[in-house]
Amino acid sequence: MWHPNETFDNRFILLGLAEIPHQQALCVLILLNIYLLTLAGNILLITVVRINLNLQTPMYFFLTNLSVIDIGFSSTIVPKLLIITLAQDKSISFLGCACQMFFHIGLGSTECMILAVMAYDRYAAICKPLHYNSIMNKNFCICMASGSWIISFINSGFHVSLTFKLPFCKNRNINHFLCELPPILRLSCKDPWLNEIIVYAMASTYTICSFFLILISYVHIISTIVRIHSTKGRRKAFSTCTSHFSVVSVYYGTIMFMYLRPHSANSPNIDKAVSIIYTAVTPVLNPIIYSIRNKEVKLAIRKKVLVPIYKGSN
């Protein structure tokens with residue numbers, strides 16, 4: 001059993017979501033349901049894309065990457081959160097904390113880049129339809145996806161290495177439910193000003209540059225949509241763009257709020273709420289917004305999943 005004043009020489013203590021046990025249990029129950037929906041939605045999408053030849057396109061290639069990211073993103077957090085809540089073991093080793101931070105930053109950074117590439121893909125499809133196949137060719141798609149993963153995890157390894165070289169004070173209680181960079185830096189015995197500058201610089205580069213690319217892509221997309229003569233087609237296109245951009249804005253907005261605001265403005269409870277939005281809520285929304293509402297995906301699910309299940313039951 002964990003006690004509040006207990007410290008470990010080589011471990012951190014994750015305080016979790018709430019100080020009151022029954023509140024924390026309720027939060028975990030909600031997050032567990034969200035996590036299961038995230039797994040179900042994203043695994044379904046990956047399976048349908050893999051078994052349907054009609055969905056072997058650049059858009060669904062990047063959506064599959066996004067689904068893998070979302071599964072990993074949620075899986076780095078929820079299982080450990082269940083352990084610290086149900087088993088009452090709030091400790092996490094330095095290595096465990098470093099690994100969680102490594103995958104958290106790496107997957108989050110990769111998602112930023114993949115979302116930007118997906119926006120460019122939609123721009124090419126809508127604004128440059130005659131040149132789409134030459135622009136979004138197989139080599140380009142593979143390079144963009146692999147480059148996003150490699151660069152992001154190199155960036156993550158750099159941050160983790162710098163962070164765990166810092167000296168930490170005797171009080172190693174992390175007022176959070178995961179080993180996220182800002183609350184870890186606050187445990188350092190010396191002023192982590194250099195780390196904070198590097199975090200700010202890298203986070204700015206990732207979020208602002210990729211969001212700016214998304215914004216430019218959607219401006220061009222909307223300018224093309226307004227020239228559509230069909231009112232129904234224009235309304236449908238606007239609805240799709242609005243839902244996509246809304247999810248992207250929530251994701252980028254929460255990350256910018258978490259990593260780009262002044263150190264003095266940090267609040268543990270606000271940090272936890274913001275972290276839940278971009279680590280738990282957006283991963284469950286992405287497959288719904290980007291694909292399951294899509295006619296092609298719904299048709300593929302019906303033909304490849306529901307019909308075989310129905311025939312098998314009879």
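The values are calculated or read from the model by the stated rules, or taken from the named source; none is laboratory data. Since the model is a prediction, treat every value here as computed from it, not as a measurement. With ideal geometry, Cβ positions are generated from the backbone for all residues, glycine too; neighbour counts draw on all protein chains shown.
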Inset, instruction - Return yes or no: is K170 more than 29 Å from L66 (Cβ to Cβ), of a type in the set (K, R) and in contact (Cβ under 8 Å) with a residue 12 or more places away in the chain? - result: yes
Inset, instruction - Determine, yes or no, whether I255 is β-branched (V, I, T), closer than 30 Å to M202 by Cβ and in contact (Cβ under 8 Å) with a residue 60 or more places away in the chain. - result: yes
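To keep it simple, each residue is scored yes or no on (1) aromatic (F, W, Y); (2) in contact with a helix residue (DSSP H, G or I) (Cβ under 8 Å, 6 or more places away or on another chain).
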| site | (1), (2) |
| --- | --- |
| I150 | no, no |
| F153 | yes, yes |
| S156 | no, yes |
| L162 | no, yes |
| F168 | yes, no |
| N175 | no, yes |
| D191 | no, no |
| A203 | no, yes |
Legend entry - Residue list for the stretch 51-74, filter: without any contact (Cβ under 8 Å) to a residue 12 or more places away in the chain and assigned to a helix (DSSP H, G or I): L53
Inset, instruction - Starting from residues that are at pLDDT below 80, not in a loop (DSSP other than H, G, I, E, B) and not hydrophobic (A, V, I, L, M, F, W, C), keep the ones in the stretch 215-247 and report whichever is surrounded by the most Cβ atoms within 10 Å (Cβ to Cβ). - result: T240
Inset, instruction - Test F140 against the criterion of being in a helix (DSSP H, G or I) and without any contact (Cβ under 8 Å) to a residue 40 or more places away in the chain, and give yes or no. - result: yes
Inset, instruction - Would you please name the residue that is nearest to G72 (Cα to Cα), looking only at residues in the stretch 257-288 that are among the hydroxyl-bearing types (S, T, Y) and surrounded by 14 or more Cβ atoms within 10 Å (Cβ to Cβ)? - result: T279
Inset, instruction - Return yes or no: is N54 surrounded by fewer than 17 Cβ atoms within 10 Å (Cβ to Cβ) and among the polar types (S, T, N, Q)? - result: yes
Legend entry - Restricting the stretch 161-209 to residues that are touching a Leu at 6+ places or on another chain (Cβ under 7 Å), within 18 Å of H104 (Cα to Cα) and small (G, A, S), the residue that is surrounded by the most Cβ atoms within 10 Å (Cβ to Cβ): A203
Legend entry - Residue in the stretch 79-92 that is farther than 30 Å from L166 by Cα, in a helix (DSSP H, G or I) and not β-branched (V, I, T) present: yes
